[in-house]
1. Filter the trypsin sites (Lys or Arg not before Pro) in the stretch 218-290 down to the DSSP loop ones having no more than 13 other Cβ atoms within 10 Å, then list what survives.
2. Could you derive backbone 3J(HN,Hα) for the stretch 378-391 from the dihedral phi with the Karplus parameters 6.51, -1.76 and 1.60 (θ = phi - 60°), listing whole Hz in sequence and x where the residue is Gly or Pro?
3. Mind listing the long-range amide H neighbours of Leu170? Cut-off is under 5 Å, sequence gap 5 or more, other chains count too, H placed in the peptide plane at 1.01 Å from N.
4. If amide hydrogens are placed 1.01 Å from N in the peptide plane, which non-local residues have theirs closer than 5 Å to the one on Ala121?
5. Taking amide H atoms as placed 1.01 Å from N in the peptide plane, list the residues 5 or more away in sequence, or in a different chain, whose amide H sits under 5 Å from that of Val62.
Amino acid sequence: MAVGAAAKLRHEFTRSSGILDGSSSEIGRRPNPAPAWSQLGRSPVEHGLLSPLVSRGRIFVVMPFGVKPSTPNGEEHDFDDFYNQILRPVARAEGWGSCESMSSWSRARLIHQAIRELYAADLVVADLSLPNGNVYYELGVRQAISPGGTLLIALEGASLPFDLVTQRVLFYSKDPARRHTFVENYRAVLRLPPGTHSDNPVKTAFESLGLFPDPVADAASIEREFEAKIARAKNAEQLVAVWHWAKEYRPLPVGTLLALAQRLADVSDYETALRVLTSVPGQAAKDYELHRQRGFYLRHLEQFEAAEAEFRRALELNPGDPETLGMLGGLYKRLRHYPEALECYKRGALLAPALLYMRVNQAAMAILTSPGDVTRGIELYRSLKEDIDNRPQAVGDGWAALVRAEANFALGRFDEARKDVAKAVSVGARPLDLRSAADQISLLGEFGFRSVEADVLATHLRDEPGMGLAVIGEQSPAEPSFSPRLIIR
């Protein structure tokens, strides 16, 4: 969609009413409210307004390189020029995120990277203009290992191998002035839905032999294999490979897609995780968990407006989900929209009063939204500390100790707060937990609440051993996971 059209659509959707459930809630009542995507029951992801992060996918081109004789009389053809002037720019214009060939690769990376691209690309374009062994080999590998689409192209008059003449081929002219028909046909192929770019006779043969599952006749088998591949994947590269395998078999079960997206998020690949969840079609897209997780990934990708809209859509589908309220509150806190954050945490604490995450943030936001009268915030911190003290299960919980440290800081008990920090470290509080506590205390200090003490305690937290060892992808309590360790019992 063009930028102007997207801006117009956003303008038409803008509204100033409450964002959660149509009530008089103060959430979202800012001078410039975010667009109300949900008025049409759809989110920004469903409207297709998130390019380039959510593009059509990747194209990999296999073709001869450079200038080569292309006719019996030795007439030459510049394959690099055709790639750079036609194949790549047309693909980018049609919304494909990447269009790559091997012409710029080093020899050391060729084999491994070529196999990876042949497996993972959403579409492979193979130029058969010359009897080139490398192109034939790569085409065979693609059709043997991937159910993804393949587009065959060739110069007019090219002699094709017998085994390929039955497949659809788009022919193009050596004369740039006569390539209009090819470009239009190429565009048409690029606009096809996923999985419909071409027939794959190798895949069809493998399905008949039982080597590839038949997506129509054996959907249950595909789902089982999908789950097994997710379970076997041990790193980010393998998880991405699982997605590239699975995306050709649609529709896929929402639960399994959510599981794959979560595994990808665990290794900080939020872009692929978002792509996984944009593949959910039709009625299944009304799952509130789907929108909640989309919002979570968009937030990490710093697409804040779209993240807010996804969280709001999730709450329209399930107004009683505390996890979405916590994530939306965290987004508002990051954007320094503290009254809206407070409203989210307040509602979340009412729904799930045992969650430390909700209550400690509610207390902090109460102070930040009323710097002239912090009585309410201090009372919330006092109540939270008392609940932790009265729950034996909180003993030995590093996160509970850090929440207690923040509460003691708010109550003016600085020596107790330092002891709580030491206890948290002694029982194995994670580096990201320490950083989360330090950041929140620093935030309170920035707003003039016990500023000197806040600076001292936050520095003390950041100086603790292990603060520099945070693991990429580890989730901080600043972003709720609501595991049992965050719950007061």
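1. Details: sites: Arg224, Lys229, Arg232, Lys234, Lys247, Arg263, Arg275, Lys286; in loops: Lys234, Lys247.
The qualifying sites are Lys234.
2. 5, 5, 5, 5, 4, 5, 5, 4, 4, 5, 5, 5, 8, 10
3. So Leu170 has HN proximity to Leu152, Ile153, Ala154.
4. none
5. Here the answer is Val125, Ala126, Asp127, since their amide H atoms fall under 5 Å of that of Val62.
All of the numbers you see were taken from the coordinates with simple rules; none came from a lab. It should be emphasised that the depicted structure is a prediction, and the values quoted were computed from it without experimental measurement. Please note: Cβ atoms are built from the backbone with ideal geometry, for glycine as well, and neighbour counts cover all protein chains shown.
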